[in-house]
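Engineer: Here it is: the structure, laid out below.
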Amino acid sequence: MLIKIIGTITVAIILFLGYVSTRNDYFKYERSGIINATPEKIFPYISQFKLGSEWSPYEKGIEMQKKYGGTEGAVGSWMEFGPSQSGSGKIEILEIEPMKMVKLNLHMTAPFEGTNTVYYYLSPEQQGTRFTWIMEGHGGFMGKLMTTLIDCEKMVGGQFSDGINNLKTLIESQK
């Protein structure tokens, strides 16, 4: 009887892992919000790592070691971070369109190894500036497993929304 139970559990695990392996490993999370300010007022906070710590949900109120390199706010500047509850890794600016866009490479080393691309976009609108935060990449097998077990869209999207609201509150309180 015990052998049948163990066999059934083993088959179920193998079937589950087979299902996980068939899933697409590409992901894209995106959130945006309106900030009542000009792109010129917002841009330094999305292009300078030291200012980013004032609003990022991954840094705000969290103790972590940070090391900076390159010219702050310029292509090639980077920040190494961790260990912390947000993990460990390095983020580097790959491309900048002043007052419009920042493209970053995020290489996580903990809790899981992974490399993702992050985009921050600013677009003027009648009621202010739309700030859009996007992260995309390929999660590999571990990413497939996580997205099978956890609603990562809801979790990461919620963190992005928190960050957008933090930035909105920070910028709008400066008026």
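Derivation of every value follows stated rules applied to the coordinates shown; laboratory data play no part. Please read these numbers as outputs of a predicted model, since none were measured by experiment. Every residue, glycine among them, receives a Cβ derived from its backbone with ideal geometry; neighbour counts consider all protein chains shown.
Engineer: Got a sec to turn the phi values of the range 77-86 into Karplus ³J(HN,Hα) couplings, 6.51 cos²θ - 1.76 cosθ + 1.60 with θ = phi - 60°, whole Hz, x for Gly and Pro?
Structural biologist: For the range 77-86, the Karplus-derived couplings read 6, 8, 9, 9, 9, x, x, 7, 5, 8 Hz, x marking Gly and Pro.
Engineer: Working only with C-alpha atoms, what are the Rg and Dmax values of the range 25-172, expressed in angstrom?
Structural biologist: So, for the range 25-172, Rg and Dmax equal 14.9, 43 Å respectively.
Engineer: Moving on to the next point. To test your reading of the geometry: what angle, between 0 and 90 degrees and rounded to tens, separates the Cα axis of helix 152-172 from the longest principal axis of the chain?
Structural biologist: 10
Engineer: Find which of H138, A110, P98 sits farthest along the positive direction of the dipole of the range 82-175, computed with +1 on the beta-carbon of Lys and Arg, -1 on that of Asp and Glu, about the Cα centre.
Structural biologist: Result: P98.
Engineer: Then there's this: Considering only DSSP states other than H, G, I, E and B, which trypsin sites (Lys or Arg not before Pro) in the range 58-117 qualify as loop sites with at most 15 other Cβ atoms within 10 Å? Show your work: numbers first, answer last.
Structural biologist: On the way: sites: K60, K66, K67, K90, K100, K103; in loops: K60, K100.
Passing sites in the range 58-117 are K60, K100.
Engineer: Here's another thing I want to ask about it. Using Cα-Cα distances under 8 Å and only pairs 6 or more residues apart, what relative contact order does the range 99-175 have, in percent? Don't jump to the answer; show the numbers that get you there.
Structural biologist: Details: 69 pairs, mean separation 14.6, N = 77.
It rounds to 19 percent for the range 99-175.
Engineer: Over the range 38-136, what is the relative contact order in percent, taking alpha-carbon pairs closer than 8 angstrom and at least six residues apart? Before the final figure, lay out the partial values.
Structural biologist: Numbers: 193 pairs, mean separation 19.7, N = 99.
Across the range 38-136, relative contact order equals 20 percent.
Engineer: Report the residue, chosen from I150, I164, I35, that carries the largest GNM mean-square fluctuation when the chain is represented by alpha-carbon nodes joined by springs under 10 Å.
Structural biologist: I150
Engineer: Also: Holding the Cα-Cα limit at 26 Å, pick out from K60/K103; K100/K144; K60/K168; K4/K144 the pairs that are longer than that. Walk me through the numbers on the way to the answer.
Structural biologist: Details: K60/K103 21 Å; K100/K144 32 Å; K60/K168 14 Å; K4/K144 29 Å.
Flagged as over cut-off: K100/K144; K4/K144.
Engineer: Explain nothing, just the number: dipole magnitude of the chain about its Cα centre with +1 on each Lys and Arg Cβ and -1 on each Asp and Glu Cβ, in debye rounded to the nearest 20. Please report the intermediate quantities before stating the final value.
Structural biologist: Values: 17 positive and 18 negative charges, 55 e Å.
For this selection, approximately 260 debye.
Engineer: Here is a follow-up. Remind me, relative contact order of the chain in percent, using alpha carbon pairs under 8 angstrom and six or more residues apart? Intermediate results must be reported in sequence, preceding the final value.
Structural biologist: Values: 297 pairs, mean separation 49.4, N = 175.
Computed over the chain, the figure is 28 percent.
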